[in-house]
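Engineer: One structure, pasted below without further comment.
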Amino acid sequence: MKRILIVDDNTQNLYLLRALLAGHGYAVEEARNGDIARSMALAAPPDMVISDLFMPVLDGYGFLRFWKANERLKKIPFVVYTATYTDPRDESLALEMGADAFILKPLEPEPFLGRLREVLEMAGRGELGEAHAPAPDKSALLEAQTEALIRKLEKKAAQLEDANRELMEEISVRMRAEKQMSESEKRFRELAETIQEVFWMNDPARKSVLYVNPAYEKIWGRTCISLYQTPSSWFDAIHPEDRERIRQAAESLQIRGDYDETYRILRPDGTQRWIRDRAYPVRDESGAVVRVVGTAEDITDRRQLEERIQQAHKLEAIGQLAAGVAHDFNNILAVILGNAELAQAQNAKGRPVERSLEEITKASVRGKSLVKQILTFSRQQPQARQVIDLAPVLEETVEFLRAIIPSNIEFVLARDPVPLSVLADPTQVHQVISNLCTNAWHSLEGKTGRILIKLDSIELGAMEAARMGGVRPGLTARLTVSDTGKGMDAATLARIFDPFFTTKGPGKGTGLGLSVVQGIVQDHDGAITVASQPGHGTTIQVYFPAAEPLVADWEAMPESIRGQGQHVLYLDDEEALVNLATPMLERLGYRVTGFTDPAEAMKTFHENPNRFDLVITDMNMPGESGLGVAMDMLKLRPELPIALCSGFITEDLRLRAQSAGIRDLLYKPGTMEEFGNAIHKLVVTSLQG
């Protein structure tokens with residue numbers, strides 16, 4: 001068996017050569033460089049050496065020169081096998097130095113083995129001849145060897161430079177990619193950590209939370225770390241009534257992309273928040289869900305606003321119902337009030353029935369006032385201002401409140417003895433006082449307490465008026481409502497006039513009371529101030545500019561409102577009202593022809609338009625409205641004074657009536673004095689016209 005020594009610094013090359021040669025019956029020995037191979041060959045010369053050229057310590061050229069100079073080794077075949085020195089000059093140098101064969105890597109196994117057998121056979125036949133002696137000019141050989149080495153090093157350097165350039169380009173690409181990834185991650189974190197919504201990401205397989213942004217801590221009131229440590233705490237915070245529904249939805253809908261749920265959570269401080277939670281699956285190339293990402297939004301404010309809007313719609317519906325009831329009640333009150341006044345006029349002084357008639361009249365007037373409040377609430381009655389004394393309005397309102405506020409609440413009423421007149425809508429002033437006292441009552445939370453209601457005057461200076469805002473300097477009526485309730489902190493105090501803001505529980509208030517009060521006060525050119533501290537009650541003061549008191553003309557000159565026999569056409573579909581108006585107007589000095597049917601009234605009028613001096617007609621009647629009747633009559637007599645009666649005097653009705661030529665609008669029910677004044681005004685303006 002032939003022994004072959006293979007020399008190469010590359011372990012993989014040695015392994016391949018050993019496998020190839022051993023597989024074809026050769027005994028193989030190996031060395032990692034020329035110096036090691038030299039020692040091995042001297043100890044036990046092989047039958048052939050196969051050596052690479054580019055090696056550390058002693059390269060292939062040096063090893064070849066030693067081999068051919070040694071008497072024991074120079075006849076043993078030396079085969080150069082290289083992939084490094086591939087230049088023709090390298091081959092010439094190796095052959096010149098005595099190499100028996102020069103083979104370039106890689107070479108197919110069969111040709112390679114064939115070449116080795118050929119060299120061994122030639123050596124066996126002695127055909128290789130004497131080994132080439134080193135060239136006499138050793139310096140030339142060394143120079144050639146050095147040149148080959150330099151050439152190889154330059155080539156290697158060029159290859160290394162190319163490889164280094166490619167490496168630098170790859171590093172640059174990777175650095176740019178890493179920078180872009182870092183910037184992308186930075187932008188993601190900036191977005192995720194600044195948005196108000198909770199952004200979360202979980203692993204559905206492991207049921208672990210991969211990421212949640214800081215908004216979770218603000219909304220849930222728990223730390224992000226606690227969620228990472230205990231992912232189930234997300235569901236534990238859900239309201240017990242919603243928990244099972246959301247658990248089932250999360251398990252079945254999140255991986256489908258259909259998860260969009262609304263639920264309540266309970267924060268550690270006991271407060272409740274409404275959450276809208278949405279989730280979307282992230283799939284890999286095979287379609288499997290690897291992550292679920294989602295957003296959770298705090299919709300508590302929106303939910304409360306929706307509930308308050310619904311409450312406002314309910315109030316609107318109640319207002320419409322109230323307006324309808326008020327319309328029918330108006331007619332009833334008109335009959336009661338008018339007949340009571342007639343009975344009083346016909347009854348002799350001192351009779352026992354006089355007291356009863358006075359009480360009926362007072363109750364009817366009170367009912368009339370309540371109907372006006374209902375119509376104002378339902379926006380069916382215009383907000384008319386007049387000069388009023390605040391004291392009677394205050395006393396009436398307090399008397400009304402005493403009937404509904406528990407007896408354990410002490411009412412203390414204090415007011416100046418001097419009348420305080422303001423230009424205001426009495427119904428709205430009543431609403432202001434009622435709202436402030438009702439809020440004071442609620443602040444006592446069912447406990448025994450005290451509500452002070454005070455009315456006095458104050459002279460406001462320019463600086464103080466400017467500080468309050470909205471009120472002019474000078475004499476001012478001041479209404480104070482003070483309670484001994486729980487009071488308010490600064491945060492609550494800052495929001496009490498916000499629409500829909502309330503500290504009351506569900507179903508106990510709309511949050512509109514104080515915002516309505518503020519609107520009324522500002523609309524009356526007034527101002528409102530609030531002082532409160534937790535545990536020390538609340539004091540609210542309302543300021544109205546004072547006005548000069550007026551004296552009613554009918555009190556000074558009662559006879560001036562009497563008629564002089566003018567003929568009045570009175571039309572109303574309520575027979576009781578026609579029966580009431582006829583004697584009332586006759587006592588005031590007028591002749592009256594009454595009708596309950598609009599068609600009959602118009603037929604009579606058309607037969608003799610000059611028969612009547614003025615017309616009074618109801619607005620709402622079946623078949624034909626009072627406005628239609630009036631417009632028909634005015635076509636024949638444009639100068640005819642006509643008054644329209646209604647319990648629903650809106651601004652739109654006022655404009656339509658004025659456009660049609662109607663002289664006046666009368667609110668019903670009215671007292672005999674109000675009725676007489678209005679008709680007298682129509683007669684006087686008709687004569688002046």
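The values are calculated or read from the model by the stated rules, or taken from the named source; none is laboratory data. In this text, all values refer to a predicted model and were calculated from it rather than measured experimentally. Neighbour counts are summed over all protein chains in view; Cβ atoms, including those assigned to glycine, are modelled from backbone coordinates with ideal geometry. Just the protein is used for accessible areas: all its heavy atoms, side chains included, with ligands, DNA and RNA removed. Shrake-Rupley method; radii C 1.70, N 1.55, O 1.52, S 1.80 Å.
Engineer: When the chain is fully extended, how far beyond the present Cα-Cα distance does residue 302 get from residue 286, taking 0.36 nm per residue of separation? Kindly include the intermediate steps, with their values, before the conclusion.
Structural biologist: On the way: separation 16, 0.36 × 16 = 5.76 nm, distance 4.08 nm.
Separation in residues times 0.36 nm, less the Cα-Cα distance, equals 1.7 nm.
Engineer: Moving on. Can you give the net charge of the other residues whose Cβ lies under 10 Å from the Cβ of residue 532, counting K and R as +1 and D and E as -1?
Structural biologist: Charge balance in the 10 Å sphere: -1.
Engineer: State which entries of 454/486; 218/486; 454/668; 603/681 exceed 25 angstrom in Cα-Cα distance in the structure shown. Each step should come with its number before you reach the end.
Structural biologist: On the way: 454/486 20 Å; 218/486 29 Å; 454/668 34 Å; 603/681 27 Å.
Exceeds cut-off: 218/486; 454/668; 603/681.
Engineer: Pulled fully out, how much extra length does the chain show between residue 210 and residue 27, if you take 0.36 nm times their separation in residues and subtract their Cα-Cα distance?
Structural biologist: On the way: separation 183, 0.36 × 183 = 65.88 nm, distance 6.15 nm.
Here the answer is 59.7 nm.
Engineer: Separate question: How high is the FRET efficiency from residue 458 to residue 490, r the C-beta distance, R0 25 Å, rounded to 0.05? Intermediate results must be reported in sequence, preceding the final value.
Structural biologist: Working: r = 26 Å, r/R0 = 1.05.
The computed FRET efficiency comes out at 0.45.
Engineer: Right, next: Report the calculated FRET efficiency for residue 411 and residue 309 (r = Cβ-Cβ distance, R0 = 25 Å), to the nearest 0.05. Working shown, then result.
Structural biologist: Working: r = 35 Å, r/R0 = 1.39.
Given R0 = 25 Å and the Cβ-Cβ separation, E is 0.10.
Engineer: Among all the aspartates and glutamates, which ones have a C-alpha under 14 Å from residue 68's C-alpha, if same-chain residues fewer than 8 places away are not counted?
Structural biologist: Answer for residue 68, where 14 Å is the Cα cut-off: 96, 100, 130, listed by chain and number.
Engineer: Note the full-extension length gain between residue 10 and residue 87 as 0.36 nm times their separation in residues minus their Cα-Cα distance, in nm to one decimal. Kindly include the intermediate steps, with their values, before the conclusion.
Structural biologist: Details: separation 77, 0.36 × 77 = 27.72 nm, distance 2.07 nm.
In short, 25.6 nm is gained.
Engineer: Moving on to the next point. From the protein chains alone at 1.4 Å, what is the descending order of accessible area for 515, 646, largest first? Before the final figure, lay out the partial values.
Structural biologist: Details: 515 25, 646 5 Å².
Largest accessible area first, the list is 515, 646.
Engineer: Extending each Cα 7 Å along its Cβ direction at residue 637 and residue 179, get the distance between those two points in nm, one decimal.
Structural biologist: 9.8 nm
Engineer: For segment 594-638, which whole percent of the accessible surface, found with a 1.4 angstrom probe, sits on carbon and sulfur atoms? Show your work: numbers first, answer last.
Structural biologist: Numbers: 1010 of 2110 Å².
Carbon and sulfur atoms account for 48 percent of the accessible area of segment 594-638.
Engineer: Rg (Å, one decimal) plus Dmax (Å, integer) for the alpha carbons of segment 1-46?
Structural biologist: 10.3, 27
Engineer: Rank these by accessible area, largest first, 1.4 Å probe: 297, 285. Mind dumping the intermediate values first?
Structural biologist: Values: 297 40, 285 200 Å².
Listed by decreasing accessible area, they come as 285, 297.
Engineer: Mind checking the per residue accessible area of segment 17-85 for me, 1.4 Å probe, whole number of Å²?
Structural biologist: Details: 2640 Å² over 69 residues.
Result: 38 Å² of accessible area for each residue.
Engineer: Sticking with this one: Label points 7 Å out from Cα along the Cβ direction at residue 44 and residue 654: separation in nm?
Structural biologist: It works out to 12.9 nm between the two label points.
Engineer: While we're looking at this one, here's another question. With r as the distance between the Cβ atoms of residue 516 and residue 597 and R0 = 41 Å, compute the FRET efficiency 1/(1 + (r/R0)^6) and round to 0.05. Walk me through the numbers before you get to the answer.
Structural biologist: Working: r = 43 Å, r/R0 = 1.05.
After rounding to 0.05, the efficiency reads 0.45.
Engineer: Right, here's the next one. How would you rank 34-46, 650-662, highest first, on the average number of other Cβ atoms within 10 Å across their residues? It would help to have the intermediate numbers written out before the result.
Structural biologist: Numbers: 34-46: 16.8, 650-662: 14.4.
Averaged packing, sorted descending, gives the order 34-46, 650-662.
Engineer: Give a quick list of GluC sites (Glu not before Pro) in segment 1-71 that DSSP marks as loop, anything other than H, G, I, E or B, with at most 11 other Cβ atoms within 10 Å. Working shown, then result.
Structural biologist: Values: sites: 29, 30, 71; in loops: 71.
Answer in residue order: 71.
Engineer: Can I ask one more? When Lys and Arg each count +1 and Asp and Glu each count -1, what net charge do the other residues less than 12 Å away from residue 14, Cβ to Cβ, add up to? Kindly include the intermediate steps, with their values, before the conclusion.
Structural biologist: On the way: positive: 18, 32; negative: 8, 9, 29, 30, 52.
Overall, the nearby charge balance is -3.
Engineer: Now for a separate question. Using the basic label-point model (7 angstrom from Cα toward the beta carbon), what is the residue 404 to residue 579 distance in nanometres?
Structural biologist: Those two pseudo-labels are separated by 3.5 nm.
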